[in-house]
Protein chains: 2
Amino acid sequence: MFQQFFQFTDRYLRFSEKEKSALEDILIFREVPKKYPLLKIGEIAREVYFINKGCARMFYDKDGEEITGFFFLENMMLSGFESVLTRQPSQQGIETLEPCELVVFSFSAFEELHEKIPRLNIFTRKLLAERFVFAQKVVASLILDSPEERYLNLFQRQPKLLNRVPQHMLATYLGITPVSLSRIRKRIFDGK
Amino acid sequence: MFQQFFQFTDRYLRFSEKEKSALEDILIFREVPKKYPLLKIGEIAREVYFINKGCARMFYDKDGEEITGFFFLENMMLSGFESVLTRQPSQQGIETLEPCELVVFSFSAFEELHEKIPRLNIFTRKLLAERFVFAQKVVASLILDSPEERYLNLFQRQPKLLNRVPQHMLATYLGITPVSLSRIRKRIFDGK
DNA sequence: AGCTAACGTTAACAAAAGATAAGAAAATGG
DNA sequence: CCATTTTCTTATCTTTTGTTAACGTTAGCT
């Protein structure tokens, strides 16, 4: 049931069988349909998810418009991290883009588990370090690259993503409007 | 010597005297002049800094131009985090903008200390969580807000910063050119 | 003090993105 | 399978930003 999740954790820290079993006690397997709201804006996020299968997105609300902040694919941890880490109402919403198989756990149970399994601190530290470095790279791309360059980067690095998510969500993720992304695509693909 | 640093760490975790003394063993106090390069692009970052006094910036190189990625002020941890955490040559450069009083420690010594002081994992985890949340907020601002809004936000939240750093560095930090920031400022301040 | 380099502003033009609307294509849901 | 959204494209117009260059000011250096 959770072997995919533990393959993921192995990349950061190899838990003992005893530690795994303590972790399993707080894990729940859950399937949700497409367009399922895992976190609504304004709620306090209490759960963290690991995606066994499927795809989801995090988004913000800007004057009634949904602006995508991130896409989550298989084998990624997913949550309203800002809310879960600060215990404040979430500015971020989360919804599935495909039917999803999720490993779910309550963040407070996870935090408490750090007392029982001190090595969990190492895992969480490494995970956060990786997420932090990635967030820095996203910031760098936003100030260094043009929207066109960002689209081309995505096209090269995650070509499969482009076929799994609607283009207008991709546009706001790149920091531009859907109309603008359509023009950029025309500029790129007409050129050759 | 290091009391300011421990006031900072107290916000995350209260270390025992014994733990503090073990930490102090790897801390060094260092003063550096203005424009001092703490990390050159291409080098592997080995040190982490805490700013007692002064101001520095992190920057990227885009086709020979320096694009500011972040400003660091008093009571902040400062490093080429991307490089130090991945052990890869740094895409990020760091230089002081004012004469600085720094608390310096080697990152590898800090990492090793986690074995000796397991509670250090908690401190580092909390610090990384905070940095991650902040980086997320920066990403959100870059995709949600216009350059003008970002400047106004900065103007309200960190008015002192604007007088401590050159305007062209602020411009690239906001993701625009110095010329454009000059126009935005005119739009804003002429309007009233 | 005087020289030089760095900095901020402004102007003129080009390029790109936003806003809005209209229409075609595709997906969705009974 | 049809009707209804949703999504994507295209066009027009406006606004903003980028680019380049010129100019005055300031700051730093010797």
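Points worth noting:
- Segment B:99-132 residues near the modelled B:MET1 label - backbone nitrogen below 13 Å, point 7 Å along Cα→Cβ: B:102-105
- Global form of segment B:145-192, assessed from the alpha-carbon gyration tensor, a/c cut-off 1.5: rounded
- Added length on full extension, which subtracts the Cα-Cα distance from 0.36 nm per residue, A:LYS116 to A:THR177: 17.2 nm
- From the C-alpha gyration tensor of segment A:3-143, square roots of 5λ in Å: 25, 17, 15
- Long hydrophobic helices in chain B, taken as whole DSSP H segments with a C-alpha length of 24 Å or more on their own axis and mean Kyte-Doolittle hydropathy at least 1.0: B:120-144.
- Highest-fluctuation residue, A:PRO118, A:PRO178, A:PRO33 considered, GNM on chain A with Cα pairs under 10 Å: A:PRO118
- Shielding by partners - mean other protein chain Cβ count within 10 Å, residues of B:114-125: 4
- Projecting 7 Å from Cα along the Cα-to-Cβ direction, the label point of A:PRO37 sits 5.3 nm from its equivalents in the other copies, listed shortest first.
- Note on B:THR86/B:LYS186: beta-carbon distance plugged into 1/(1 + (r/R0)^6) with R0 of 51 Å gives a FRET efficiency of 0.80.
- FRET efficiency for B:ASP145 and A:SER146, using Cβ-Cβ distance with R0 set to 25 Å, rounded to 0.05: 0.90
- Taking a sphere under 11 Å around the Cβ of B:VAL165 and counting the other residues whose Cβ falls inside, with K and R at +1 and D and E at -1, yields a net charge of +2.
- Per residue, the solvent-accessible area of segment A:145-192 (1.4 Å probe, heavy atoms of protein chains only, all protein chains present) comes to 62 Å².
- Label geometry 7 Å along the beta-carbon vector: A:SER108 inter-copy distances in nm: 4.4
- If you take all other residues with their beta carbon under 12 Å from the beta carbon of A:TYR12, and give Lys and Arg +1 and Asp and Glu -1, the sum is +4.
- Note on chain A: GNM, Cα springs under 10 Å; of A:GLU112, A:GLU82, A:GLU19, the largest mean-square fluctuation is that of A:GLU112.
- Across A:PHE123, A:PHE59, A:PHE71, mean-square fluctuation computed from a Gaussian network of chain A (C-alpha pairs under 10 Å connected) peaks at A:PHE123.
- Peptide packing: for B:102-109, A:11-18, the average count of neighbouring Cβ atoms within 10 Å per residue gives the ranking B:102-109, A:11-18, highest mean first.
- Relative contact order (%) - criterion: Cα under 8 Å, at least six apart; region: chain B: 23
- Taking every DSSP helix (H) stretch of at least 4 residues in the protein assembly as shown, weighting each as -39,500 (n - 2.57) and dividing the sum by the residue count yields a mean residue ellipticity at 222 nm of -14500 deg cm²/dmol.
- Distances in nm from A:LEU13 to the matching label points in the other copies, shortest first (labels 7 Å along Cα to Cβ): 1.1
- The calculated FRET efficiency for A:ILE28 paired with B:PHE134, based on their beta-carbon distance and R0 = 25 Å, is about 0.25.
The values are calculated or read from the model by the stated rules, or taken from the named source; none is laboratory data. Since the model is a prediction, treat every value here as computed from it, not as a measurement. Cβ atoms come from the backbone with ideal geometry, glycine included; neighbour counts cover every protein chain shown. The area values use the complete protein model at the heavy-atom level, side chains included, leaving out ligands, DNA and RNA. Shrake-Rupley method; radii C 1.70, N 1.55, O 1.52, S 1.80 Å.
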